[in-house]
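Everything on this sheet refers to the single structure shown next.
Please treat every number below as a calculation from the coordinates, not as lab data. Everything quoted here is computed from the prediction, not taken from an experiment. No Cβ is skipped: glycine too gets one built from the backbone with ideal geometry, and neighbour counts run over all protein chains shown.
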């Protein structure tokens, strides 16, 4: 579907990307208003607000929320504090790659999903991971220049570092900081960058869904962007076209439980 970005925020690139993705996914969320929705990893609640315009009952959870979200429950996806068959929809945005025990989380999602319910999850792709690796030196150089040149350091807006289960940042040695200028940190729960290149692929996610007995009903490429906020709000049309062609940073997966 064509996604309009006219009404999306222009003061926070992180919010722009998340809301742009959610706008594209509305077709998969074309369900009755009284559907009950579980949002995993609500973060600072930017997508919760939109989901509550679509549905009357949205329950946001997060193991480590990055903002104040009305009605948010602090809980782990692998140990959901809800009764069986509680939700018509389970939604997450760039969360599952941070879940340590993904099989347990999927088992819990299947348990609380109502028969005939749907899951919509978005995750970064191998293309996003490749961009993260290749553009790290460029992003570091841009960051240094912005610090040295007055007026260039305007922030495009990001979620706080602890959003969606990321580990707290710790002080690093001088050598570690120098290495960090050219080598990024591991994004999710994988042990190394090569693992993430493989595990973020659509084929790898399909295997994970098959193992836990979830049926993939659809998969949509969303958008192309880097993890470094390079040229935010620029080349929007080009990014959109590349995303539609499959060169996307985030992909959405629509799942059902055939046994439900």
- If r is the Cβ-Cβ distance from residue 204 to residue 233 and R0 is 35 Å, what FRET efficiency results, to the nearest 0.05? 0.65
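Using a Förster distance of 41 angstrom, determine the FRET efficiency expected from the C-beta separation of residue 241 and residue 73, and round it to 0.05.
0.55
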- If you look at just the Cα atoms of the stretch 41-98, how large are its Rg and its Dmax in Å? 11.0, 28
- Part-to-part distance (alpha-carbon centres) for the stretch 219-260 and the stretch 46-93, which is given in Å: 22 Å
- For the stretch 171-260, which semi-axes, largest first and in whole Å, follow from the square roots of 5 times the eigenvalues of its Cα gyration tensor? 30, 22, 9
- Report P(r) for the stretch 33-139: all Cα-Cα distances, bin width 5 Å, range 0 to the bin holding the largest distance, values in whole percent. 2, 12, 21, 22, 18, 10, 6, 4, 2, 0
- So how do 125, 49 line up by other beta-carbon neighbours within 10 Å, fewest first? 49, 125
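Using just the helices of the chain, give the 222 nm mean residue ellipticity in deg cm²/dmol: DSSP H runs with n ≥ 4 each add -39,500 (n - 2.57), and the total is spread over all residues, rounded to 500.
Only helices count here, giving -10000 deg cm²/dmol.
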- Task: Compute the FRET efficiency between residue 142 and residue 85 as 1/(1 + (r/R0)^6), taking r as their Cβ-Cβ distance and R0 = 45 Å, and round to the nearest 0.05.
- Result: 0.35
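Please compute, over every Cα-Cα pair in the chain, the percentage with a separation greater than 35 angstrom.
Value for the chain (Cα pairs over 35 Å): 14 percent.
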- Query: Hey, what does the equivalent ellipsoid look like for the stretch 192-234, semi-axes from the Cα gyration tensor as sqrt of 5 times each eigenvalue, largest first, whole Å?
  - Reply: 27, 16, 6
- Message: Using the Kirkwood radius over C-alpha pairs as Rh, can you work out the diffusion coefficient of the stretch 1-79 via Stokes-Einstein at 20 °C, viscosity 1.002 mPa s, in µm² per second?
- Response: 161 µm²/s
